[in-house]
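*Asks:* This is the structure, below, for whatever I ask next.
Values quoted throughout were computed directly from the atomic coordinates according to the rules given, and no laboratory measurement underlies them. This one's a predicted model, so the numbers in the text were calculated from it and none came from an experiment.
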Amino acid sequence: MNVSLNLVGRFDGSRTGSAKNDAALWAKERYMPPAAARRTIPLAYYVDWAWVDEATAGRVGDVYNKLTVANHDFFIARRGFFFDLSPWRDEAPVDDPHQALGTDASTMEAIFLAAYQAASGGFVHLGGFPPWAFKYVTPFGKHAGVETE
């Protein structure tokens, strides 16, 4: 299989202080429709690859049922935009503990704004859920599950 776009080593945190956020903003700029495109793009909030460490360590039971892989098909079929970022401004996420406070939340808001503007101020479909079994809630952070929803 040929590699059409190699992203290895491309994101080092030089833009936001976080490689994860640099990658998310790059993807937003490359794949989100321009403002006033009158086109909606569904947003898919699903866990990224970070679950592998927890599953490998055996800390999360029934891990495969918590990945919601079947739900991905809906968003892929509609050319959805996937992301996995913490909504909290007052703590660094467990999957990127050295980023400045609020970096994930700022990137998430930038993605939401881009989708809203592309839809010309109309509704945007946001599906998925905070990956509570793996990060962003207690015991991985200080916020409880319900308030994170």
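*Asks:* Could you work out the helix-only [θ] at 222 nm for the chain, with each DSSP H run of four or more residues adding -39,500 (n - 2.57) and the total divided by the number of residues, to the nearest 500 deg cm²/dmol?
*Replies:* One gets -9500 deg cm²/dmol as the mean residue ellipticity at 222 nm.
*Asks:* Right, another one. How large is ³J(HN,Hα) for each residue in region 104-110, as worked out from phi by the Karplus curve 6.51 cos²θ - 1.76 cosθ + 1.60 (θ = phi - 60°), to whole Hz, x for Gly and Pro?
*Replies:* These are the phi-based 3J(HN,Hα) values: 4, 4, 5, 5, 4, 5, 5 Hz.
*Asks:* Please state the shape class of region 107-149: rounded when a/c is under 1.5, otherwise prolate if a/b exceeds b/c and oblate if not, all from the C-alpha gyration tensor.
*Replies:* Judged from the Cα gyration tensor, region 107-149 comes out prolate (a/c at least 1.5, a/b above b/c).
*Asks:* Using modelled amide H (1.01 Å from N, peptide plane; none on Pro or chain starts), what sits under 5 Å from the amide H of G128, excluding residues fewer than 5 places away?
*Replies:* Y45
*Asks:* Counting only residues 5 or more places away or on other chains, whose amide H sits under 5 Å from the amide H of F82 once H atoms are built in the peptide plane?
*Replies:* Answer set, sorted by chain and number: A44.
*Asks:* Given H placed 1.01 Å from N in the peptide plane, which residues other than close sequence neighbours of T16 have an amide H under 5 Å from its amide H?
*Replies:* D22
*Asks:* What is the gain in length, in nm to one decimal, between E109 and D73 on full extension, counting 0.36 nm per residue of separation less the C-alpha to C-alpha distance? The partial results should precede the final answer.
*Replies:* Numbers: separation 36, 0.36 × 36 = 12.96 nm, distance 2.42 nm.
Gain on extension, E109 to D73, equals 10.5 nm.
*Asks:* Using each residue's phi in region 13-19, evaluate 6.51 cos²θ - 1.76 cosθ + 1.60 at θ = phi - 60° and report the 3J(HN,Hα) Karplus result to the nearest Hz, with x for Gly and Pro.
*Replies:* Residue by residue, region 13-19 yields x, 5, 8, 10, x, 9, 4 Hz.
*Asks:* Report relative contact order for the chain in percent, whole number only (criteria: Cα-Cα under 8 Å, sequence separation at least 6).
*Replies:* Contact order relative to length: 32 percent.
*Asks:* Also: Express in whole angstrom the spacing between the alpha-carbon centres of region 22-44 and region 90-118.
*Replies:* With region 22-44 and region 90-118 each reduced to a Cα centre, they are spaced 15 Å.
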